[in-house]
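Only one structure is covered here, and it is reproduced in the block below.
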Amino acid sequence: MRTVMGFVFLGLVLLKLAWPVFALAAVILAVRVAFALQDGRGARSRALRLSIAASASTAFAAYGYGLGTTTFGLVTDADDRCGIVRPDRYGYGYHGPADGTHRMWPLQDTTCGPDLVPWFVNPLVAGSVVLLVVLVVVMVVARVGSRRH
């Protein structure tokens, strides 16, 4: 179990660092969707697959960006975390409120006072995941329907 949690922690730290790659991938995939819809045959299924990948990339990018704004993964003294994350607002040695929390979903970090996660992160992640699920269902229904005919 410790090994699994270690891999999860490592994956989240890497996501925190690599969110711009996922954001760039989401933009590129969205452009490819637009071009795929202009093509002739097979354009809808290709656009659907690209849309699924774009929504997954958007969800990863948004969650990684949100992680990047929090104190997650900072292996330092609790007093120094706020100074590292927001040096413009908090000095080193700042003690956050005693009731501060850090949650992974919905992403929230009030260890330094006000929530460090921007307001748009959680709705964007949730919306992207909902879109992903809807697109996968549409793809499965379309494939099942095409096999019956």
Looking at the range 25-43, is at least one residue at pLDDT 95 or above, closer than 21 Å to residue 120 by Cα and crowded, with 19+ Cβ neighbours inside 10 Å?
yes
Restricting to the range 100-149, and then to whatever is of a type in the set (Ser, Thr, Tyr) and part of a loop (DSSP other than H, G, I, E, B), can you tell me which residue is surrounded by the most Cβ atoms within 10 Å (Cβ to Cβ)?
111
Could you give every pair whose Cβ atoms fall below 6 Å, whose first residue belongs to the range 61-87 and is modelled with pLDDT of 80 or more and surrounded by fewer than 16 Cβ atoms within 10 Å (Cβ to Cβ), and whose second residue is in a loop (DSSP other than H, G, I, E, B) and not polar (S, T, N, Q), counting only separations of at least 6 or pairs across chains?
84/74
Condition check: at pLDDT 85 or above, more than 23 Å from residue 15 (Cβ to Cβ) and outside any helix (DSSP H, G or I). Does residue 97 satisfy that?
no
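Tell me, which residue of the range 37-58 that is hydroxyl-bearing (Ser, Thr, Tyr) and either in contact (Cβ under 8 Å) with a residue 60 or more places away in the chain or outside the structural domain of residue 133 (by TED's automatic domain parsing) (or both) is farthest from residue 27 (Cα to Cα)? Before you say what the answer is, go through the steps one by one.
Narrowing the range 37-58 to residues hydroxyl-bearing (Ser, Thr, Tyr): 45, 51, 55, 57-58.
Now restrict to residues that are either in contact (Cβ under 8 Å) with a residue 60 or more places away in the chain or outside the structural domain of residue 133 (by TED's automatic domain parsing) (or both): 45, 51, 55, 58.
Working: 45: 19, 51: 11, 55: 10, 58: 9 Å.
Within the range 37-58, the match that is farthest from residue 27 (Cα to Cα) is 45.
The values are calculated or read from the model by the stated rules, or taken from the named source; none is laboratory data. Since the structure is predicted, the reported quantities are computational estimates derived from the model, not experimental observations. Reconstructed Cβ throughout: ideal geometry from the backbone, glycine too, with neighbour counts over all protein chains shown.
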